[in-house]
Amino acid sequence: MNNALKILFIFFLLSKNVYAKTSENLYEKIDLFSEVLEKIKKEYVDEVDQSEMIDSAINGALQSLDPYSAYMNPEIFKGIETDTKGEFGGLGIEVGMEAGVVKVISPIAGTPAEKAGIKAGDYIVKIDGVQVQGKTLMEAVKLMRGPVGSTINLTIRRKGEKKALEKNIKREIIQVQSVEAKIIEKNIGYLRLKAFNNNSSNQLVKKINKFEQKDKPVAYILDLRNNPGGLLTQAINVTDFFLTDGEIVSTKGRRLIENRRFFAKKGDKVKGKPLIVLINGGSASASEIVAGALKDHKRAIVLGEHTYGKGSVQSIIPLSDGGGIRITVSKYYLPSGKSISEVGVAPDIFIEEEGKDFKIDSSSDNQLSYAVKLLTI
């Protein structure tokens with residue numbers, strides 16, 4: 001046997017031994033879990049539903065990975081389909097899980113949550129008086145669902161506030177108009193993108209084309225504040241409107257199919273005019289891709305506050321019991337190679353948010369006011 005074959009044979013034996021040992025350890029853990037369940041059944045002070053315990057254990061395993069992975073039992077999984085038919089009302093917030101409670105990623109512009117004063121970074125600790133601690137994300141989301149027109153009470157903890165805040169919000173069918181556009185002072189084209197849904201990029205390019213044909217703006221402001229994200233394809237399209245070439249974003253995962261790179265095509269829709277992108281802590285996911293790519297290519301000045309840091313892609317996978325899991329399958333990477341996940345995008349110019357709303361009025365919005373001054377110096 002030559003040396004190469006000897007090395008290959010030894011490697012095979014070692015790999016087989018490692019695999020066998022790993023499998024043995026896994027089976028030992030499964031046996032231990034069964035033993036713990038049996039002890040709980042016999043010894044715990046109250047009678048418990050072992051099926052519910054196993055559901056919680058599955059969800060615990062998923063949520064130990066990251067705040068966005070979760071288990072959905074058949075009832076909750078079926079409820080996702082029901083929501084899309086408009087039978088239930090919503091609040092208009094994107095949420096995740098942190099430290100056992102629901103954390104608001106961002107309220108969506110124009111929705112009941114935003115009107116009630118819910119902010120990015122708020123922690124929802126009670127829903128209609130029911131403690132969120134100990135519940136899964138999907139269970140908490142289910143509690144927040146309800147008939148259109150019904151009212152929900154949220155108990156909020158907010159950084160910097162000593163007392164909990166109570167918010168009574170009326171549920172509505174959430175229909176987001178993605179784009180708000182206007183020519184503001186000094187002939188600047190203001191584009192506010194509220195979400196990245198199926199038609200966002202089409203809406204945005206129509207507004208840009210109208211501005212370019214009629215108003216001839218000298219510069220543009222793209223407002224991504226409190227935009228919780230949405231479809232990756234829409235983020236790529238929107239970024240491409242302002243670039244002529246170069247990488248926009250890449251995704252990387254364990255499976256080869258998840259490793260992809262996306263590039264800009266020729267043709268800057270605003271013809272290279274100065275561009276400022278506004279961001280804050282409620283700018284997440286697709287918003288971070290747009291802001292990060294335009295910053296990396298030095299195509300825009302990014303102004304505002306640090307973004308949320310949701311730089312991962314989730315897939316919903318059905319299970320044999322009629323339930324499903326939402327699991328992170330890849331992460332986003334900016335053209336610079338930096339990951340957005342848990343890091344976010346830092347602004348070129350940090351301006352803390354002072355305004356209470358996002359009306360298109362620079363006199364009451366310090367970040368917008370600064371952007372206008374910067375573009376007209």
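Couple of notes before you dig in:
- Restricted to the stretch 287-311, and to residues there that are surrounded by 22 or more Cβ atoms within 10 Å (Cβ to Cβ) and modelled with pLDDT under 95, the residue that is nearest to the chain's Cα centre (by Cα) is Lys310.
- Taken together, Val205, Val176 contain a single residue that is in a loop (DSSP other than H, G, I, E, B), under 30 Å from Val313 (Cβ atoms) and hydrophobic (A, V, I, L, M, F, W, C), which is Val176.
- In summary, Leu222 fulfils each of the numbered conditions (1) out of contact with any Lys or Arg (no Cβ under 9 Å at 6 or more places or on another chain); (2) modelled with pLDDT of 95 or more with the single exception of condition (1).
- Residue in the stretch 139-146 that is under 30 Å from Pro274 (Cβ atoms), of a type in the set (Gly, Ala, Ser), crowded, with 17+ Cβ neighbours inside 10 Å and at pLDDT 85 or above present: no
- Residue match in the stretch 121-133 (condition: closer than 18 Å to Tyr308 by Cβ, surrounded by 20 or more Cβ atoms within 10 Å (Cβ to Cβ) and modelled with pLDDT of 85 or more): yes
- Residue list for the stretch 321-350, restricted to those being over 16 Å from Ala286 (Cα atoms), modelled with pLDDT of 95 or more and of a type in the set (Val, Ile, Thr): Ile349
- Per-region count, the stretch 173-196, residues of a type outside the set (Val, Ile, Thr), surrounded by fewer than 16 Cβ atoms within 10 Å (Cβ to Cβ) and under 27 Å from Leu231 (Cα atoms): 3
- In the stretch 101-127, the residues that are farther than 24 Å from Val179 by Cα and under 15 Å from the mean Cα position of the chain (by Cα): Val102, Lys103, Asp122
The values are calculated or read from the model by the stated rules, or taken from the named source; none is laboratory data. As the structure is a prediction and not an experimental result, all values here were calculated from the model. No Cβ is skipped: glycine too gets one built from the backbone with ideal geometry, and neighbour counts run over all protein chains shown.
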